[in-house]
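For reference, the structure is listed below as structure tokens.
The values are calculated or read from the model by the stated rules, or taken from the named source; none is laboratory data. Treat the numbers as computed from the prediction; the structure is a model and nothing was measured. So basically every Cβ, Gly included, is an ideal-geometry build from the backbone, and we count neighbours across all protein chains shown.
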Amino acid sequence: MNNPNIVILGAGYGGIMTAVKLQKSLGPNDANITLVNKHSYHYQTTWLHENAAGTLHHDRTRIAINDVVNTSQVNFVQDTVSSILPEEKKVVLEDGELSYDYLVIGLGFEAATFGIPGLKENAFTINSINSARLIRQHIEYNFAKYNNEANPKEERLNIVVGGAGFTGIEFVGELANRIPELCKEYDIPREKVRLINVEAAPTALPGFDPELVEYAMNSLEAKGVDFKIGAMIKEVTENKLVFEKDEQREEIATNTVVWAAGVRGNSLVEESGFEANRGRMPVEPDLRSKQYPEVFIVGDCALIFNEETERPYPPTAQIAIQMAENTAENLTKLVSGDKHLEPFKPNLQGTVASLGHDDAIGVVFDDKKLFGWSATAMKKVIDNRYLLKLGGLGLVLKKGKLNFFK
Ligand code: FAD
Ligand code: NAD
């Protein structure tokens with residue numbers, strides 16, 4: 001029998017970790033493994049808000065795929081997936097086609113815009129190195145432009161972040177630290193700049209520990225963040241954002257809206273005929289598609305439920321990495337003829353969110369709350385642990401966050 005073709009789509013947390021685990025567990029003659037990704041690099045999505053704010057260079061966040069993937073064992077194809085043809089077991093790329101015996105879909109997330117008028121056209125989103133670079137440059141351009149106009153426009157210095165979930169909170173934390181630097185660089189008084197975080201729910205970080213939420217809001221307000229809570233974004237135009245709060249419509253003059261108010265799975269999966277709920281596909285306990293047993297789904301494209309709460313698990317890097325490990329183990333079994341696959345059981349180790357480089361909050365080990373420097377240090381431990389898993393000590397030394405107290 002010919003060696004099976006294993007094709008992995010996307011080199012995010014789920015895709016690249018599947019490839020790295022498989023290159024260790026399978027011998028070169030066991031299977032033909034192909035990894036497809038848009039770019040020649042993997043990026044740590046969890047650091048993109050720092051790149052977007054300009055507090056960390058994007059080269060720290062991205063990792064060349066051939067630095068961690070052994071390309072003599074895994075065939076890396078840099079291309080964009082156009083569609084999947086599951087009935088024919090084929091993947092159509094912009095520049096070719098691939099056939100598979102087993103497919104792993106790890107195409108990640110995109111912004112959910114909920115049909116809000118003007119959002120797609122006028123707001124920025126944080127979802128790739130390119131999008132993060134664009135936000136950084138756009139903010140800097142507006143600071144530079146401000147003092148070059150006969151009538152300087154306030155909208156250039158009003159930055160609005162939509163959503164106070166973890167992405168919104170982590171991003172305003174970075175921006176709050178960056179703004180004083182930008183003010184100094186472009187000779188702009190700090191009081192002229194507004195950083196506004198608009199959240200529809202009655203609290204920031206809905207569902208998270210209230211004491212930690214209060215800590216986070218106090219910390220960010222002290223750095224100049226203006227929260228609009230219970231405020232639903234209704235429309236975005238080129239130079240304003242409209243929200244509704246207490247049944248009143250209000251406007252903020254701005255030409256910088258960063259939408260961090262929700263994600264969905266990659267729309268390509270629905271376009272390819274998979275049954276999905278906002279891009280997230282329900283899966284069997286072993287992460288195989290309910291429609292196509294030769295297709296595994298990892299990361300934000302998979303929809304898995306917490307049996308205790310009967311609610312979906314949130315899409316996180318933590319879960320994507322664990323899904324990849326489970327999938328690599330199951331593919332290794334299938335290749336060796338063992339059909340008894342392991343069910344996926346998430347092992348949640350907590351949540352830690354940064355509030356800039358100098359502050360953070362978190363809950364770890366079930367219910368241990370962390371604030372301040374201990375949370376900041378813990379976040380770095382989590383980040384370095386991922387790099388260690390992916391590429392060993394060498395990668396930690398090259399890309400890791402090694403100063404634990406700053
Ligand atoms: P992704 O990381 O989205 O990767 C998908 C990959 O597929 C990318 O490389 C992309 O280029 C590629 N791709 C997409 N479409 C195509 C195509 N058509 N053709 C070819 N390639 C394609 N989670 C945590 O657990 N902890 C955190 O601290 C945390 N922080 C976050 C901070 C931010 C700012 C954001 C936005 C998210 C954060 N998350 C965090 C969530 C986490 O980043 C996601 O859950 C995680 O990235 C999902 O991983 P993934 O492998 O499914 O996909
Ligand atoms: P999210 O869905 O968790 O939060 C979006 C927020 O936007 C919510 O609070 C929601 O009420 C608000 N919102 C929605 N529509 C709105 C509107 N019209 N106007 C104003 N506010 C609106 O999305 P996210 O923060 O991007 O997180 C996505 C996933 O990534 C989650 O699973 C999250 O846990 C994970 N993540 C984790 C971390 C971390 O662990 N440090 C960091 C970032 C993201």
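Quick one: is residue 96 closer than 18 Å to residue 256 by Cα and either hydroxyl-bearing (Ser, Thr, Tyr) or within 13 Å of ligand 1 (Cβ to nearest atom) (or both)?
No; evaluated as a whole, the condition is false for this residue.
From (1) within 16 Å of ligand 1 (Cβ to nearest atom); (2) over 22 Å from the mean Cα position of the chain (by Cα); (3) free of Cβ contacts under 8 Å to residues at least 24 places away in the same chain, pick out the condition that doesn't hold for residue 207.
For residue 207, the failing item is (2).
Please specify each residue of the range 74-97 satisfying the condition of being in contact with a strand residue (DSSP E or B) (Cβ under 7 Å, 6 or more places away or on another chain) and in a loop (DSSP other than H, G, I, E, B).
79, 80, 86, 89, 94
Of these, 284, 214, which one is free of Cβ contacts under 8 Å to residues at least 60 places away in the same chain and farther than 30 Å from residue 88 by Cα?
214
Checking residue 386 against (1) within 16 Å of ligand 2 (Cβ to nearest atom); (2) among the aromatic types (Phe, Trp, Tyr); (3) at pLDDT below 95, only one condition comes out false. Which one?
(3)
When you go through 197, 266 one by one, which is the residue that is of a type in the set (S, T, N, Q), crowded, with 17+ Cβ neighbours inside 10 Å and farther than 30 Å from residue 105 by Cβ?
Criteria check complete, one pass: 197.
Would you call residue 49 under 28 Å from residue 141 (Cβ atoms) and either crowded, with 22+ Cβ neighbours inside 10 Å or away from ligand 2 (no atom under 16 Å from the Cβ) (or both)?
In short, yes.
Please determine, by comparing only the residues of the range 259-278 that are in a loop (DSSP other than H, G, I, E, B) and in contact with a Gly (Cβ under 6 Å, 6 or more places away or on another chain), which one is nearest to ligand 1 (Cβ to nearest atom).
If we take residues in the range 259-278 being in a loop (DSSP other than H, G, I, E, B) and in contact with a Gly (Cβ under 6 Å, 6 or more places away or on another chain), then 266 is nearest to ligand 1 (Cβ to nearest atom).
Please work out if residue 104 is in contact with a helix residue (DSSP H, G or I) (Cβ under 7 Å, 6 or more places away or on another chain), assigned by TED's automatic domain parsing to the domain that holds residue 214, surrounded by 16 or more Cβ atoms within 10 Å (Cβ to Cβ) and not in a helix (DSSP H, G or I).
no
Having 2 or more residues that are within 14 Å of ligand 1 (Cβ to nearest atom), under 17 Å from the mean Cα position of the chain (by Cα) and in contact (Cβ under 8 Å) with a residue 40 or more places away in the chain is the bar; report the strands (runs of 3 or more DSSP E) wholly within the range 1-65 that clear it.
Passing ranges, in order: 41-43, 62-64.
If you take just the strands (runs of 3 or more DSSP E) that sit entirely in the range 293-369, which of them hold at least 3 residues that are within 12 Å of ligand 2 (Cβ to nearest atom)?
350-354, 360-364
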